Amino acid sequence: MESALYIVSTPIGNLKDITLRAIEVLKDIDFVACEDTRVTSFLLSQYEIKKELISLNAVNENKKLDYVLSRIEHGESCALCSDAGTPGISDPGVRLISAAIRRQLTVIPIPGVTAAIAAISASGLPTDSFLFEGFLPQKKGRQKKLKELSEIDKTIILYESTYRIEKLLEELNEHMPHRQITVARELTKKFEEFWRGKPGDLLEQLKDRTTKGEFVVIISPLSWREHI
Ligand code: SAM
């Protein structure tokens, strides 16, 4: 196969959400650079693939860059995988990809699932123009960012964890109480569900709901009014 860095998207829950092309690339590749070798090794075992795995995460990305890229320069092919979804999207990989481009190596995307796109596609909110913000800063700058977002007239996509989803809904209730929100929980998994309503409604509904799992939060544009 062509010597290159292949950006391989993997499932975000349902193991059937991998493309035929991704499986083909993972079978043919020389080695895989991945966020967590245990996660990727489990994934590969589901498709009966055995490969050399190199850990490449937010902490060691700079250190491992040179090693991975010099192997590609010497003719090998490398797949970049994150724990779930598309590498580089709120995940490690961007520094490796930029450095590969600077060294004039071939970078080939093998597209697949991204939680943000799966969530907005079923949100019922406008998709013509949207802002992907990923995770909000945890402490410093969080309130400033929320204020900035409250003035933006676009659909906004946020990622949030089980630990802060309730806090985020409280903050949205404070900063943008009139916006329509879709919360996508546990996409593609057994307990997938969508919560829809204004932040205050969702906080009310939380009394009967679990906040366990992974979440994408979609916020309607400032001037958007739901059509009947
Ligand atoms: N690279 C991934 C992608 O392409 O979507 C995102 C990785 S980021 C570290 C993990 C966050 O993505 C989670 O905290 C959650 O906000 C979102 N996420 C990932 N999988 C999800 C799922 N199955 N359902 C809902 N949100 C998910």
Place the peptides 155-166, 76-87 in order of packing, highest mean first, counting for every residue the other Cβ atoms within 10 Å and averaging per peptide. 76-87, 155-166
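From Cα pairs below 8 angstrom and at least 6 apart in sequence, can you work out the relative contact order of the range 161-203, rounded to a whole percent?
It comes to 41 percent, rounded to a whole number.
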Which entries of 63/145; 16/189; 63/139; 16/50; 147/207; 154/198 show an alpha-carbon separation above 20 angstrom in the structure shown? 63/145; 63/139; 147/207
Part-to-part distance (alpha-carbon centres) for the range 124-161 and the range 35-62, which is given in Å: 30
Considering only 70, 213, 137, whose Cα is most displaced toward the positive end of the charge dipole of the chain, charges sitting on Cβ of Lys, Arg (+1) and Asp, Glu (-1)? 137
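Before rounding to the nearest 500, sum -39500 (n - 2.57) across all DSSP H runs of length at least 4 in the chain and divide by the residue total; then give [θ] at 222 nm in deg cm²/dmol.
So the calculated ellipticity at 222 nm is -9500 deg cm²/dmol.
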Of the listed peptides 26-33, 103-110, what is their order by residue-averaged count of other C-beta atoms within 10 Å, with the highest listed first? 26-33, 103-110
For residue 205 and residue 138 in one chain, what is 0.36 nm times their gap in residues minus the Cα-Cα distance, to one decimal in nm? 21.7 nm
What percentage of all Cα-Cα pairs in the chain are separated by more than 32 Å? 28
Let me know the charge dipole size of the chain about its Cα centre in debye, to the nearest 20, where only the beta-carbon of Lys, Arg (+1) and Asp, Glu (-1) is charged. 440
Of every hundred units of 1.4 Å-probe accessible area on the chain, the number belonging to carbon and sulfur atoms, as a percent, is 52
Give me the accessible area per residue for the range 5-110, probe 1.4 Å, as a whole number in Å². 49
First obtain the Kirkwood hydrodynamic radius of the range 5-110 from its Cα pairs, then insert it into the Stokes-Einstein equation at 10 °C and 1.306 mPa s, and state the resulting D in µm² per second as a whole number. 118
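Order these peptides, 127-136, 89-98, 50-59, by their mean beta-carbon neighbour count within 10 angstrom, highest first.
Result, highest mean first: 89-98, 50-59, 127-136.
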Added length on full extension, which subtracts the Cα-Cα distance from 0.36 nm per residue, residue 104 to residue 38: 20.7 nm
What list of ³J(HN,Hα) couplings, whole Hz, do you get for the range 209-217 from phi and the Karplus terms 6.51, -1.76, 1.60, once you set θ to phi - 60° and write x for glycine and proline? 10, 8, 9, 7, x, 10, 9, 10, 10
Given an 8 Å cut-off on Cα distances and at least 6 residues of separation, report the relative contact order of the range 5-110 as a percent. 42
Accessible solvent surface per residue of the range 115-219, calculated while the other protein chains remain in place, 1.4 angstrom probe, Å²: 52
Residues whose placed amide H lies under 5 Å from that of residue 112, excluding near-sequence neighbours: 9
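The values are calculated or read from the model by the stated rules, or taken from the named source; none is laboratory data. Keep in mind that this is a model prediction, so the values were computed, not measured. Neighbour counts are summed over all protein chains in view; Cβ atoms, including those assigned to glycine, are modelled from backbone coordinates with ideal geometry. Areas reflect the complete protein model, heavy atoms only, side chains present, ligands, DNA and RNA absent. Shrake-Rupley method; radii C 1.70, N 1.55, O 1.52, S 1.80 Å.
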